[in-house]
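Visitor: Provided herewith is a single structure, encoded as C-alpha coordinates, for subsequent inquiry.
The values are calculated or read from the model by the stated rules, or taken from the named source; none is laboratory data. Model, not experiment: these values are computed from the prediction. All Cβ positions, even for glycine, are placed from backbone atoms using ideal geometry, and neighbour counts span all protein chains on display. Accessible surface is based on the protein model in full, side chains and every heavy atom, while ligands, DNA and RNA are left aside. Shrake-Rupley method; radii C 1.70, N 1.55, O 1.52, S 1.80 Å.
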Amino acid sequence: MQHITILGATGSIGVSTLDVLARHPDKYALHALTAHSKVDALAAQCVQFRPRRAVVGSAAAAARLEEILRAHQVPCAISYGEAALCEVAAEADTVMAAIVGAAGLAPTLAAARAGRKILLANKEALVLSGQLFIDLVERHGATLLPIDSEHNAIFQSLPLSYGRSPARAGVAKIVLTASGGPFLKRAVDTLEQVTPDEACKHPNWAMGRKISVDSATMMNKGLEVIEAHWLFGAAAEQIEVVIHPQSVIHSMVSYVDGSVLAQLGNPDMRTPIAHALAFPERIESGVAQLDLTTMAALQFDKPDVKRFPCLALAFAALRAGGTAPALLNAANEVAVDAFLQQRIGFRDIDRVIARVMDDNGHGPASSLDAVLTQDAVARRAAHTIIDGICR
Ligand code: NAD
Ligand code: MG
(Lines give C-alpha, C1' and ligand atoms only; values in the text may rest on other atoms or scores of the structure.)
(Ligands and ions follow the chains in the order given, each with its own letter.)
Protein backbone atom coordinates (compact mmCIF):
# COMPACT_ATOMS: atom_id res chain seq x y z
CA MET A 1 0.00 0.00 0.00
CA GLN A 2 1.43 3.38 -1.04
CA HIS A 3 0.57 6.29 1.29
CA ILE A 4 0.01 9.49 -0.65
CA THR A 5 -0.01 13.17 0.22
CA ILE A 6 -1.66 15.48 -2.28
CA LEU A 7 -0.39 19.06 -1.98
CA GLY A 8 -3.06 21.20 -3.65
CA ALA A 9 -5.83 18.57 -3.51
CA THR A 10 -8.65 20.98 -4.42
CA GLY A 11 -6.99 22.13 -7.66
CA SER A 12 -7.37 20.73 -11.13
CA ILE A 13 -4.43 18.29 -10.76
CA GLY A 14 -5.46 17.40 -7.20
CA VAL A 15 -8.99 16.47 -8.29
CA SER A 16 -7.68 14.40 -11.23
CA THR A 17 -5.29 12.60 -8.87
CA LEU A 18 -8.14 11.68 -6.51
CA ASP A 19 -10.11 10.41 -9.49
CA VAL A 20 -7.28 8.01 -10.37
CA LEU A 21 -6.72 6.96 -6.74
CA ALA A 22 -10.42 6.17 -6.30
CA ARG A 23 -10.09 3.53 -9.05
CA HIS A 24 -7.38 1.65 -7.08
CA PRO A 25 -8.29 1.53 -3.37
CA ASP A 26 -6.29 -1.71 -3.06
CA LYS A 27 -3.03 0.05 -4.04
CA TYR A 28 -3.16 3.54 -2.53
CA ALA A 29 -4.18 5.08 0.80
CA LEU A 30 -4.27 8.80 1.53
CA HIS A 31 -1.92 10.21 4.10
CA ALA A 32 -2.86 13.88 3.70
CA LEU A 33 -4.83 16.33 1.58
CA THR A 34 -4.02 20.05 1.52
CA ALA A 35 -5.75 23.17 0.22
CA HIS A 36 -5.22 26.88 0.65
CA SER A 37 -8.67 28.40 1.10
CA LYS A 38 -11.33 26.13 -0.49
CA VAL A 39 -12.39 24.62 2.84
CA ASP A 40 -15.74 23.25 1.70
CA ALA A 41 -14.18 21.44 -1.25
CA LEU A 42 -11.43 20.01 0.97
CA ALA A 43 -13.99 18.93 3.58
CA ALA A 44 -15.96 17.02 0.94
CA GLN A 45 -12.75 15.30 -0.18
CA CYS A 46 -11.92 14.37 3.43
CA VAL A 47 -15.39 12.89 3.93
CA GLN A 48 -15.00 10.78 0.80
CA PHE A 49 -11.32 9.80 0.99
CA ARG A 50 -10.60 9.77 4.76
CA PRO A 51 -6.98 11.06 4.84
CA ARG A 52 -5.15 10.88 8.18
CA ARG A 53 -4.24 14.58 7.99
CA ALA A 54 -5.52 17.73 6.29
CA VAL A 55 -3.68 21.05 5.98
CA VAL A 56 -5.13 24.46 5.09
CA GLY A 57 -3.79 28.00 4.77
CA SER A 58 -4.98 29.74 7.94
CA ALA A 59 -6.22 29.21 11.51
CA ALA A 60 -9.71 30.34 10.48
CA ALA A 61 -9.79 27.80 7.63
CA ALA A 62 -8.59 25.07 10.00
CA ALA A 63 -11.34 25.90 12.52
CA ARG A 64 -13.99 25.78 9.82
CA LEU A 65 -12.70 22.45 8.47
CA GLU A 66 -12.63 21.03 12.00
CA GLU A 67 -16.26 22.04 12.50
CA ILE A 68 -17.46 20.43 9.23
CA LEU A 69 -15.55 17.19 9.78
CA ARG A 70 -16.78 16.93 13.38
CA ALA A 71 -20.37 17.25 12.13
CA HIS A 72 -19.68 14.36 9.72
CA GLN A 73 -17.85 12.39 12.43
CA VAL A 74 -14.78 12.11 10.20
CA PRO A 75 -11.57 11.62 12.20
CA CYS A 76 -8.73 13.72 10.71
CA ALA A 77 -5.79 15.65 12.22
CA ILE A 78 -6.11 19.23 10.97
CA SER A 79 -3.36 21.83 10.85
CA TYR A 80 -2.41 24.92 8.87
CA GLY A 81 0.58 26.78 7.44
CA GLU A 82 3.81 26.03 5.63
CA ALA A 83 5.45 23.99 8.40
CA ALA A 84 2.47 21.60 8.40
CA LEU A 85 2.64 21.33 4.57
CA CYS A 86 6.30 20.36 4.91
CA GLU A 87 5.45 17.73 7.56
CA VAL A 88 2.77 15.99 5.51
CA ALA A 89 5.06 16.07 2.46
CA ALA A 90 7.88 14.43 4.39
CA GLU A 91 5.64 11.78 6.01
CA ALA A 92 4.10 10.14 2.93
CA ASP A 93 5.62 7.51 0.61
CA THR A 94 4.54 9.51 -2.43
CA VAL A 95 3.82 13.22 -2.77
CA MET A 96 1.78 14.77 -5.53
CA ALA A 97 3.23 18.30 -5.71
CA ALA A 98 0.27 20.19 -7.19
CA ILE A 99 0.27 23.55 -5.42
CA VAL A 100 0.40 26.36 -7.97
CA GLY A 101 3.39 28.72 -8.00
CA ALA A 102 6.35 29.32 -5.71
CA ALA A 103 4.09 28.61 -2.70
CA GLY A 104 4.70 24.91 -3.43
CA LEU A 105 8.49 25.12 -3.17
CA ALA A 106 9.03 24.49 0.56
CA PRO A 107 6.83 21.36 0.88
CA THR A 108 8.17 19.93 -2.39
CA LEU A 109 11.73 20.35 -1.16
CA ALA A 110 10.70 18.80 2.18
CA ALA A 111 9.58 15.70 0.25
CA ALA A 112 12.95 15.66 -1.54
CA ARG A 113 14.87 15.94 1.76
CA ALA A 114 12.86 13.02 3.15
CA GLY A 115 13.79 10.91 0.09
CA ARG A 116 10.18 10.49 -1.04
CA LYS A 117 8.71 9.75 -4.44
CA ILE A 118 7.74 13.16 -5.84
CA LEU A 119 5.18 13.46 -8.62
CA LEU A 120 5.94 16.96 -9.85
CA ALA A 121 3.15 19.06 -11.33
CA ASN A 122 4.31 22.28 -9.62
CA LYS A 123 6.76 23.33 -12.37
CA GLU A 124 7.32 26.75 -10.78
CA ALA A 125 9.11 25.07 -7.83
CA LEU A 126 11.67 23.50 -10.17
CA VAL A 127 12.04 26.65 -12.32
CA LEU A 128 12.74 28.65 -9.18
CA SER A 129 15.18 26.30 -7.47
CA GLY A 130 16.73 24.40 -10.44
CA GLN A 131 19.99 22.68 -9.58
CA LEU A 132 19.34 23.05 -5.82
CA PHE A 133 16.20 20.91 -6.19
CA ILE A 134 17.97 18.30 -8.37
CA ASP A 135 20.87 18.14 -5.87
CA LEU A 136 18.47 17.53 -2.96
CA VAL A 137 16.70 14.76 -4.89
CA GLU A 138 20.02 13.07 -5.66
CA ARG A 139 21.54 13.55 -2.20
CA HIS A 140 18.53 12.11 -0.38
CA GLY A 141 17.71 9.33 -2.84
CA ALA A 142 14.30 10.80 -3.72
CA THR A 143 12.54 9.85 -6.95
CA LEU A 144 11.33 12.65 -9.20
CA LEU A 145 8.66 11.80 -11.77
CA PRO A 146 7.17 14.45 -14.08
CA ILE A 147 3.42 15.01 -14.18
CA ASP A 148 3.46 17.87 -16.68
CA SER A 149 2.13 16.05 -19.76
CA GLU A 150 5.05 17.11 -21.98
CA HIS A 151 7.72 16.03 -19.51
CA ASN A 152 5.88 12.85 -18.71
CA ALA A 153 5.79 12.12 -22.46
CA ILE A 154 9.53 12.81 -22.76
CA PHE A 155 10.23 10.62 -19.72
CA GLN A 156 8.27 7.81 -21.39
CA SER A 157 10.23 8.32 -24.64
CA LEU A 158 13.67 8.11 -22.96
CA PRO A 159 15.49 4.91 -21.97
CA LEU A 160 14.87 3.79 -18.36
CA SER A 161 18.59 4.17 -17.66
CA TYR A 162 18.60 7.84 -18.78
CA GLY A 163 20.83 9.76 -16.39
CA ARG A 164 20.18 13.42 -17.31
CA SER A 165 22.80 13.16 -20.07
CA PRO A 166 21.48 13.63 -23.62
CA ALA A 167 24.86 12.83 -25.18
CA ARG A 168 25.24 9.49 -23.41
CA ALA A 169 21.73 8.40 -24.47
CA GLY A 170 22.17 9.57 -28.10
CA VAL A 171 19.52 12.26 -27.68
CA ALA A 172 19.80 15.06 -30.24
CA LYS A 173 16.78 17.11 -29.20
CA ILE A 174 13.90 17.31 -26.79
CA VAL A 175 10.82 18.47 -28.69
CA LEU A 176 8.13 20.07 -26.52
CA THR A 177 4.75 20.32 -28.17
CA ALA A 178 2.50 23.30 -27.41
CA SER A 179 -1.16 23.73 -28.27
CA GLY A 180 -0.67 27.47 -28.79
CA GLY A 181 -3.55 28.14 -26.39
CA PRO A 182 -6.72 30.12 -27.12
CA PHE A 183 -5.00 32.96 -29.01
CA LEU A 184 -3.05 31.01 -31.60
CA LYS A 185 -5.05 32.51 -34.45
CA ARG A 186 -6.45 35.71 -32.94
CA ALA A 187 -5.26 38.97 -34.58
CA VAL A 188 -2.18 40.10 -32.61
CA ASP A 189 -3.36 43.72 -32.38
CA THR A 190 -6.53 42.62 -30.53
CA LEU A 191 -4.60 40.83 -27.75
CA GLU A 192 -4.53 44.04 -25.67
CA GLN A 193 -8.28 43.65 -25.09
CA VAL A 194 -8.66 40.00 -24.11
CA THR A 195 -10.42 39.30 -20.82
CA PRO A 196 -9.38 36.82 -18.09
CA ASP A 197 -12.28 34.53 -19.03
CA GLU A 198 -11.19 34.48 -22.69
CA ALA A 199 -7.60 33.76 -21.65
CA CYS A 200 -8.73 30.90 -19.39
CA LYS A 201 -10.76 29.19 -22.12
CA HIS A 202 -8.17 26.66 -23.28
CA PRO A 203 -9.10 24.74 -26.43
CA ASN A 204 -7.91 21.30 -25.21
CA TRP A 205 -7.24 21.26 -21.45
CA ALA A 206 -9.30 22.20 -18.36
CA MET A 207 -6.82 23.66 -15.85
CA GLY A 208 -6.43 26.14 -12.99
CA ARG A 209 -6.59 29.84 -13.88
CA LYS A 210 -2.90 30.68 -13.47
CA ILE A 211 -1.64 27.93 -15.78
CA SER A 212 -4.47 28.73 -18.22
CA VAL A 213 -3.23 32.32 -18.55
CA ASP A 214 0.34 31.00 -18.83
CA SER A 215 -0.84 28.82 -21.71
CA ALA A 216 -2.45 31.81 -23.42
CA THR A 217 0.82 33.85 -23.21
CA MET A 218 2.90 30.69 -23.83
CA MET A 219 4.84 31.45 -20.63
CA ASN A 220 3.67 27.97 -19.68
CA LYS A 221 5.79 26.56 -22.51
CA GLY A 222 8.64 28.84 -21.48
CA LEU A 223 8.51 27.51 -17.91
CA GLU A 224 8.35 24.00 -19.39
CA VAL A 225 11.52 24.63 -21.42
CA ILE A 226 13.31 25.49 -18.16
CA GLU A 227 11.66 22.50 -16.46
CA ALA A 228 12.92 20.23 -19.27
CA HIS A 229 16.41 21.65 -18.89
CA TRP A 230 16.53 20.60 -15.23
CA LEU A 231 14.70 17.29 -15.55
CA PHE A 232 16.59 16.00 -18.59
CA GLY A 233 19.93 17.85 -18.48
CA ALA A 234 19.36 19.38 -21.93
CA ALA A 235 20.88 22.74 -22.91
CA ALA A 236 18.62 25.50 -24.28
CA GLU A 237 19.84 24.70 -27.84
CA GLN A 238 18.72 21.08 -27.46
CA ILE A 239 15.14 22.02 -26.58
CA GLU A 240 12.73 22.87 -29.38
CA VAL A 241 9.14 24.07 -29.09
CA VAL A 242 6.68 23.02 -31.80
CA ILE A 243 3.07 24.20 -32.03
CA HIS A 244 0.74 21.21 -32.29
CA PRO A 245 -2.83 22.50 -31.87
CA GLN A 246 -4.47 19.07 -31.40
CA SER A 247 -2.52 18.18 -28.19
CA VAL A 248 -2.40 14.49 -29.17
CA ILE A 249 1.39 14.12 -29.31
CA HIS A 250 2.38 15.24 -25.82
CA SER A 251 6.09 15.67 -26.70
CA MET A 252 8.96 13.86 -28.41
CA VAL A 253 12.59 12.87 -28.16
CA SER A 254 14.71 13.11 -31.29
CA TYR A 255 17.75 10.77 -31.37
CA VAL A 256 21.07 11.13 -33.24
CA ASP A 257 20.21 8.23 -35.56
CA GLY A 258 17.16 10.09 -36.88
CA SER A 259 14.57 8.22 -34.76
CA VAL A 260 11.89 10.27 -33.09
CA LEU A 261 10.00 8.72 -30.16
CA ALA A 262 6.75 10.28 -29.02
CA GLN A 263 4.00 9.61 -26.50
CA LEU A 264 0.42 10.09 -27.70
CA GLY A 265 -2.90 10.12 -25.90
CA ASN A 266 -6.09 12.01 -25.32
CA PRO A 267 -5.43 15.32 -23.55
CA ASP A 268 -6.35 14.27 -20.01
CA MET A 269 -3.97 14.71 -17.05
CA ARG A 270 -5.12 11.42 -15.53
CA THR A 271 -2.80 9.61 -17.99
CA PRO A 272 0.48 11.15 -16.73
CA ILE A 273 -0.84 10.99 -13.15
CA ALA A 274 -1.60 7.26 -13.42
CA HIS A 275 1.71 6.67 -15.19
CA ALA A 276 3.74 8.32 -12.43
CA LEU A 277 1.69 6.80 -9.58
CA ALA A 278 2.18 3.25 -10.83
CA PHE A 279 5.62 3.60 -12.45
CA PRO A 280 7.16 1.29 -13.60
CA GLU A 281 3.84 -0.55 -13.82
CA ARG A 282 0.68 0.60 -15.62
CA ILE A 283 -2.75 1.12 -14.12
CA GLU A 284 -6.10 2.09 -15.55
CA SER A 285 -6.65 5.89 -15.42
CA GLY A 286 -10.21 6.41 -16.62
CA VAL A 287 -8.96 8.03 -19.84
CA ALA A 288 -10.54 6.77 -23.07
CA GLN A 289 -8.26 5.00 -25.54
CA LEU A 290 -7.00 7.23 -28.34
CA ASP A 291 -8.85 6.72 -31.62
CA LEU A 292 -6.51 8.00 -34.34
CA THR A 293 -8.99 7.27 -37.13
CA THR A 294 -11.35 9.96 -35.84
CA MET A 295 -8.68 12.64 -36.23
CA ALA A 296 -8.68 14.75 -39.36
CA ALA A 297 -5.00 15.71 -39.19
CA LEU A 298 -2.13 16.38 -36.82
CA GLN A 299 -0.49 19.74 -37.49
CA PHE A 300 2.90 21.16 -36.51
CA ASP A 301 4.21 24.71 -36.77
CA LYS A 302 6.95 27.00 -35.51
CA PRO A 303 5.96 29.32 -32.66
CA ASP A 304 5.70 33.04 -33.48
CA VAL A 305 7.63 34.92 -30.79
CA LYS A 306 6.07 38.25 -31.79
CA ARG A 307 2.71 36.81 -30.80
CA PHE A 308 4.20 35.05 -27.77
CA PRO A 309 7.05 37.22 -26.39
CA CYS A 310 6.92 35.31 -23.07
CA LEU A 311 8.42 32.27 -24.78
CA ALA A 312 11.48 34.31 -25.83
CA LEU A 313 11.74 35.80 -22.32
CA ALA A 314 11.87 32.31 -20.82
CA PHE A 315 14.57 31.11 -23.25
CA ALA A 316 16.55 34.27 -22.39
CA ALA A 317 16.22 33.53 -18.65
CA LEU A 318 17.39 29.94 -19.17
CA ARG A 319 20.41 31.11 -21.19
CA ALA A 320 21.22 33.79 -18.59
CA GLY A 321 21.16 31.10 -15.88
CA GLY A 322 21.69 31.66 -12.15
CA THR A 323 18.73 33.34 -10.51
CA ALA A 324 17.32 34.72 -13.80
CA PRO A 325 14.58 32.03 -13.97
CA ALA A 326 13.58 32.97 -10.40
CA LEU A 327 13.14 36.59 -11.57
CA LEU A 328 11.12 35.47 -14.58
CA ASN A 329 8.85 33.17 -12.58
CA ALA A 330 8.11 35.64 -9.79
CA ALA A 331 7.42 38.54 -12.18
CA ASN A 332 5.11 36.26 -14.14
CA GLU A 333 3.18 35.13 -11.04
CA VAL A 334 2.58 38.73 -9.96
CA ALA A 335 1.66 39.91 -13.48
CA VAL A 336 -0.74 37.01 -14.11
CA ASP A 337 -2.44 37.66 -10.78
CA ALA A 338 -2.85 41.37 -11.66
CA PHE A 339 -4.28 40.38 -15.05
CA LEU A 340 -6.75 37.94 -13.45
CA GLN A 341 -7.84 40.76 -11.12
CA GLN A 342 -8.29 42.98 -14.21
CA ARG A 343 -5.72 45.46 -12.95
CA ILE A 344 -3.57 45.18 -16.10
CA GLY A 345 -4.18 44.11 -19.69
CA PHE A 346 -3.13 40.81 -21.25
CA ARG A 347 -0.16 42.29 -23.12
CA ASP A 348 1.00 44.06 -19.97
CA ILE A 349 1.98 40.61 -18.65
CA ASP A 350 4.95 40.30 -21.00
CA ARG A 351 5.81 44.00 -20.60
CA VAL A 352 5.96 43.70 -16.80
CA ILE A 353 8.16 40.59 -16.98
CA ALA A 354 10.51 42.15 -19.56
CA ARG A 355 10.93 45.25 -17.41
CA VAL A 356 11.58 43.26 -14.25
CA MET A 357 14.20 41.24 -16.15
CA ASP A 358 15.81 44.39 -17.62
CA ASP A 359 15.84 46.42 -14.41
CA ASN A 360 17.08 43.76 -12.00
CA GLY A 361 20.39 41.97 -12.14
CA HIS A 362 20.68 38.32 -11.29
CA GLY A 363 23.43 36.33 -9.65
CA PRO A 364 24.47 32.74 -9.08
CA ALA A 365 21.76 30.43 -7.71
CA SER A 366 24.18 29.36 -5.02
CA SER A 367 21.66 28.76 -2.21
CA LEU A 368 17.96 28.64 -1.50
CA ASP A 369 18.35 32.00 0.21
CA ALA A 370 19.76 33.46 -3.00
CA VAL A 371 16.82 32.29 -5.13
CA LEU A 372 14.22 33.29 -2.53
CA THR A 373 15.80 36.76 -2.24
CA GLN A 374 15.67 37.11 -6.03
CA ASP A 375 12.03 35.95 -5.98
CA ALA A 376 11.17 38.63 -3.40
CA VAL A 377 13.04 41.36 -5.34
CA ALA A 378 11.18 40.45 -8.54
CA ARG A 379 7.80 40.46 -6.79
CA ARG A 380 8.42 43.92 -5.34
CA ALA A 381 9.63 45.25 -8.71
CA ALA A 382 6.62 43.77 -10.54
CA HIS A 383 4.18 45.29 -8.01
CA THR A 384 5.79 48.72 -8.46
CA ILE A 385 5.54 48.51 -12.27
CA ILE A 386 1.91 47.34 -12.05
CA ASP A 387 1.01 50.16 -9.64
CA GLY A 388 2.48 52.55 -12.24
CA ILE A 389 0.35 51.02 -15.02
CA CYS A 390 -2.83 51.22 -12.89
CA ARG A 391 -2.30 54.83 -11.84
P1 NAD B 1 -5.27 25.10 -9.40
O2 NAD B 1 -5.27 26.58 -9.28
O3 NAD B 1 -6.45 24.41 -9.96
O4 NAD B 1 -4.98 24.47 -7.94
C5 NAD B 1 -3.96 24.95 -7.12
C6 NAD B 1 -3.94 24.23 -5.77
O7 NAD B 1 -2.89 24.84 -5.00
C8 NAD B 1 -5.23 24.36 -4.97
O9 NAD B 1 -5.48 23.15 -4.30
C10 NAD B 1 -4.92 25.46 -3.95
O11 NAD B 1 -5.61 25.29 -2.74
C12 NAD B 1 -3.44 25.28 -3.73
N13 NAD B 1 -2.78 26.55 -3.39
C14 NAD B 1 -2.89 27.73 -4.07
N15 NAD B 1 -2.14 28.68 -3.46
C16 NAD B 1 -1.58 28.11 -2.37
C17 NAD B 1 -0.74 28.58 -1.33
N18 NAD B 1 -0.33 29.85 -1.27
N19 NAD B 1 -0.36 27.71 -0.36
C20 NAD B 1 -0.79 26.42 -0.39
N21 NAD B 1 -1.59 25.91 -1.35
C22 NAD B 1 -1.99 26.74 -2.33
O23 NAD B 1 -3.94 24.71 -10.21
P24 NAD B 1 -3.68 23.45 -11.15
O25 NAD B 1 -4.15 23.74 -12.51
O26 NAD B 1 -4.12 22.20 -10.48
O27 NAD B 1 -2.08 23.47 -11.22
C28 NAD B 1 -1.29 23.07 -10.13
C29 NAD B 1 0.16 22.97 -10.58
O30 NAD B 1 0.26 21.95 -11.58
C31 NAD B 1 0.69 24.25 -11.26
O32 NAD B 1 2.03 24.42 -10.92
C33 NAD B 1 0.54 23.97 -12.73
O34 NAD B 1 1.49 24.66 -13.52
C35 NAD B 1 0.82 22.47 -12.78
N36 NAD B 1 0.20 21.79 -13.92
C37 NAD B 1 -1.15 21.79 -14.06
C38 NAD B 1 -1.73 21.16 -15.16
C39 NAD B 1 -3.24 21.10 -15.32
O40 NAD B 1 -3.72 20.45 -16.24
N41 NAD B 1 -4.03 21.75 -14.46
C42 NAD B 1 -0.93 20.56 -16.12
C43 NAD B 1 0.45 20.58 -15.94
C44 NAD B 1 1.01 21.19 -14.84
MG1 MG C 1 2.34 21.03 -19.71
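Visitor: How large is ³J(HN,Hα) for each residue in segment 214-225, as worked out from phi by the Karplus curve 6.51 cos²θ - 1.76 cosθ + 1.60 (θ = phi - 60°), to whole Hz, x for Gly and Pro?
Guide: Using θ = phi - 60°, the values come out as 4, 6, 5, 8, 6, 4, 4, 5, x, 4, 5, 4 Hz.
Visitor: Let me ask something additional. Out of all DSSP beta bridges with both ends in segment 157-266, state the antiparallel percent to the nearest 5.
Guide: Among the beta bridges of segment 157-266, antiparallel pairing accounts for roughly 65 percent.
Visitor: Ok, one more. Considering only the other residues whose Cβ falls under 12 Å of the Cβ of residue 323, what net charge follows from Lys and Arg at +1 and Asp and Glu at -1?
Guide: Result for the local shell: -2.
Visitor: What range in the chain is the longest one free of GluC sites (Glu not before Pro) that are in a loop by DSSP and have at most 16 other Cβ atoms within 10 angstrom?
Guide: Longest gap between qualifying sites, sites excluded: 1-280.
Visitor: Got a sec? Which residues in segment 6-34 would a label at residue 281 touch, if it sits 7 Å along Cα→Cβ and we count backbone N under 15 Å?
Guide: Under 15 Å, as judged by backbone N against the label point of residue 281, lie 21-29 of segment 6-34.
Visitor: Would you check the chain for Lys pairs whose C-alpha atoms are within less than 23 Å, ignoring same-chain pairs closer than 8 in sequence, and give me the count?
Guide: 23
Visitor: Between residue 289 and residue 195, what is the FRET efficiency for a Förster distance of 25 Å, r being their Cβ-Cβ separation, to the nearest 0.05?
Guide: According to the calculation, E is roughly 0.10.
Visitor: Take the alpha-carbon centre of segment 180-228, take the same for segment 293-362, and report the distance between them in whole Å.
Guide: Going from one Cα centre to the other spans 10 Å.
Visitor: Where the accessible area of segment 321-390 is counted over protein heavy atoms with a 1.4 Å probe, how much of it, in %, is carbon and sulfur?
Guide: On segment 321-390, the fraction of accessible area on carbon and sulfur atoms equals 48 percent.
Visitor: Can you give the relative contact order of the chain as a percent, counting alpha carbon pairs under 8 Å and 6+ residues apart?
Guide: 15 percent
Visitor: With every protein chain in place, what's the accessible area of residue 28 (1.4 Å probe, Å², nearest 10)?
Guide: Looks like 20 Å² after rounding.
Visitor: What is the Cα centroid distance between segment 1-76 and segment 88-132, reported in whole angstrom?
Guide: 18 Å
Visitor: Just check the chain against the gyration tensor rule for me: Cα atoms, a ≥ b ≥ c as the square roots of the eigenvalues, rounded for a/c under 1.5, and otherwise prolate or oblate depending on whether a/b exceeds b/c.
Guide: Since a/c stays below 1.5, the shape of the chain is classed as rounded.
Visitor: Expressed as a whole percentage, what fraction of the accessible surface of segment 30-84 belongs to carbon and sulfur atoms when a 1.4 Å probe is rolled over the protein heavy atoms?
Guide: Taking all protein chains in place, segment 30-84 shows 52 percent carbon and sulfur surface.
Visitor: Starting from the eigenvalues of the Cα gyration tensor, five times each then square-rooted, give me the equivalent ellipsoid semi-axes of segment 233-342, largest first, whole Å.
Guide: Over the Cα atoms of segment 233-342, the semi-axes work out to 29, 20, 18 Å.
Visitor: Work out from phi, with θ = phi - 60° and the Karplus expression 6.51 cos²θ - 1.76 cosθ + 1.60, the ³J(HN,Hα) of each residue of segment 163-177, listed in order in whole Hz, and give x for Gly and Pro.
Guide: x, 6, 10, x, 4, 4, 8, x, 8, 8, 8, 9, 10, 8, 8
Visitor: Here's a follow-up. Under the rule of -39500 (n - 2.57) per DSSP H run of 4 or more residues, summed and divided by the residues of the chain, what mean residue ellipticity at 222 nm is obtained, to the nearest 500 deg cm²/dmol?
Guide: -14500 deg cm²/dmol
Visitor: Out of segment 159-207, which trypsin sites (Lys or Arg not before Pro) are coil in DSSP terms and have no more than 10 other C-beta atoms within 10 Å?
Guide: 185
Visitor: Mind giving me the nanometre distance, one decimal, between the label points for residue 246 and residue 299, set 7 Å out from Cα along Cα→Cβ?
Guide: Rounded to a tenth, the inter-label distance reads 1.2 nm.
Visitor: Still on this structure: Using a 1.4 angstrom probe, figure out how much accessible area the chain has per residue, in square angstrom, rounded to the nearest whole.
Guide: On a per-residue basis, the chain sits at 42 Å².
Visitor: List the trypsin sites (Lys or Arg not before Pro) within segment 259-313 that fall in a DSSP loop (any state other than H, G, I, E or B) and whose Cβ has at most 12 other Cβ atoms within 10 Å.
Guide: Answer by residue number: 282, 306.
Visitor: Sort 348, 301, 387 by accessible area with a 1.4 Å probe, largest first.
Guide: 301, 387, 348
Visitor: Return the percentage of antiparallel bridges among DSSP beta bridges fully within the chain, rounded to the nearest 5 %.
Guide: If I count the DSSP bridges inside the chain, around 25 percent turn out antiparallel.
Visitor: Which percent, nearest 5, of DSSP beta bridges in segment 2-146 are antiparallel?
Guide: 0 percent
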